[in-house]
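Following: one structure in structure tokens, then a few remarks.
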Amino acid sequence: MNNMDKGVALMDLTVNPDIAAVSGGAQTTLAHVGLPVRGGAGSVSRIVRAKAASGAVASSVMLEEAAVTGILVLRADTASDPLNKALRSMLKLELPGRLESQSEGERYCIRWMSPDEWMLTCPLNEAFDVERKLRAAVDGHMAIVNVSGGYGLLTLSGENALNVLKKSTAYDVHSDNFEPGKVVNTVMAKAQVTLRAKPDGCYEIIVRRSFADYLWLWLQRAGKEYGLEAFSATGG
């Protein structure tokens, strides 16, 4: 049974060959800020510039915005076993358990969101193909929603990244409770986020596009004493 028979609508704009430079053409949530590429000029934050000029604080926290990322929300109950099998075959991933995540390098990661919901990230230009193949492989009650344009992905790193988190969320992010691979849906200040402790010691923040500006302003202030520097994976 093909997808037309199932009455499923698929968004294929991101893989249309007539649309050039998909990832480069899609604007990130903070594109208007003009964050520099890592290794280029300093952060656009006036706070950071002032501190860098005075030499008062050496930067010990880095914030990096990823390029627009493919994000698929997967929902499955009775079809979770076939979905698990399809993920294992296609991406070498399995549906993680409660508050857990699984990743395959930096390209693919799947996060537990609720008992029947997971969030899968992949390169933007692969999102449609991954969605199409999963739909074809799973014969059962399942939902896949492409929400790539609605979220931004940020990474906090550096020796004081954890301290910035402690100032920003009520969730217990101590390493005894927030070990590598753990994922939680929580708030940073008043913005709802999906927070993941990465295996490399960094922290991943997925935030709705509508809250990105608010969170950016908050993190500048939370990281002020640590000389926060901010970068873009794409240079805006």
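Being more than 28 Å from residue 30 (Cα to Cα), touching an Asp or Glu at 6+ places or on another chain (Cβ under 9 Å), of a type in the set (D, E, K, R) and not assigned by TED's automatic domain parsing to the domain that holds residue 177: is that true of residue 111 here? Against the criterion (more than 28 Å from residue 30 (Cα to Cα), touching an Asp or Glu at 6+ places or on another chain (Cβ under 9 Å), of a type in the set (D, E, K, R) and not assigned by TED's automatic domain parsing to the domain that holds residue 177), residue 111 does not qualify.
Taking the criterion of being assigned to a strand (DSSP E or B), of a type in the set (A, V, I, L, M, F, W, C) and touching a residue at least 12 places away in the same chain (Cβ under 8 Å), would at least one residue in segment 91-108 satisfy it? For segment 91-108, residues assigned to a strand (DSSP E or B), of a type in the set (A, V, I, L, M, F, W, C) and touching a residue at least 12 places away in the same chain (Cβ under 8 Å): absent. The C-beta contact set for segment 70-86 (first residue surrounded by fewer than 17 Cβ atoms within 10 Å (Cβ to Cβ), second residue in a strand (DSSP E or B), distance under 7 angstrom, 6+ apart or interchain) comprises 73/117; 73/119; 73/145. Scanning segment 68-83 for residues that are touching a helix residue (DSSP H, G or I) at 6+ places or on another chain (Cβ under 9 Å) and more than 30 Å from residue 27 (Cα to Cα) turns up 76, 82, 83.
Of the helices (runs of 4 or more DSSP H) contained entirely in segment 119-236, those carrying at least 2 residues that are basic (Lys, Arg) and touching a residue at least 24 places away in the same chain (Cβ under 8 Å) fall at 127-137. For residue 60, the conditions (1) at pLDDT below 95; (2) touching a strand residue (DSSP E or B) at 6+ places or on another chain (Cβ under 9 Å); (3) small (Gly, Ala, Ser) are fulfilled apart from (2).
The residues of segment 189-201 that are out of contact with any Asp or Glu (no Cβ under 9 Å at 6 or more places or on another chain) and within 24 Å of residue 26 (Cβ to Cβ), listed by number, are 191, 192, 193.
For segment 114-166, the tally of residues that are over 24 Å from residue 185 (Cα atoms) and not assigned by TED's automatic domain parsing to the domain that holds residue 77 stands at 0. Counting only residues that are touching a Ser or Thr at 6+ places or on another chain (Cβ under 6 Å) and either at pLDDT below 95 or crowded, with 21+ Cβ neighbours inside 10 Å (or both), segment 193-203 holds 2 of them. For segment 121-172, taking the residues that are of a type in the set (Ser, Thr, Tyr) and closer than 11 Å to residue 69 by Cα, the one that is surrounded by the fewest Cβ atoms within 10 Å (Cβ to Cβ) is identified as 148.
The values are calculated or read from the model by the stated rules, or taken from the named source; none is laboratory data. Small disclaimer: the values here were computed from a predicted structure and weren't measured. Glycine also receives a Cβ, built like all others from the backbone with ideal geometry; neighbour counts cover every protein chain displayed.
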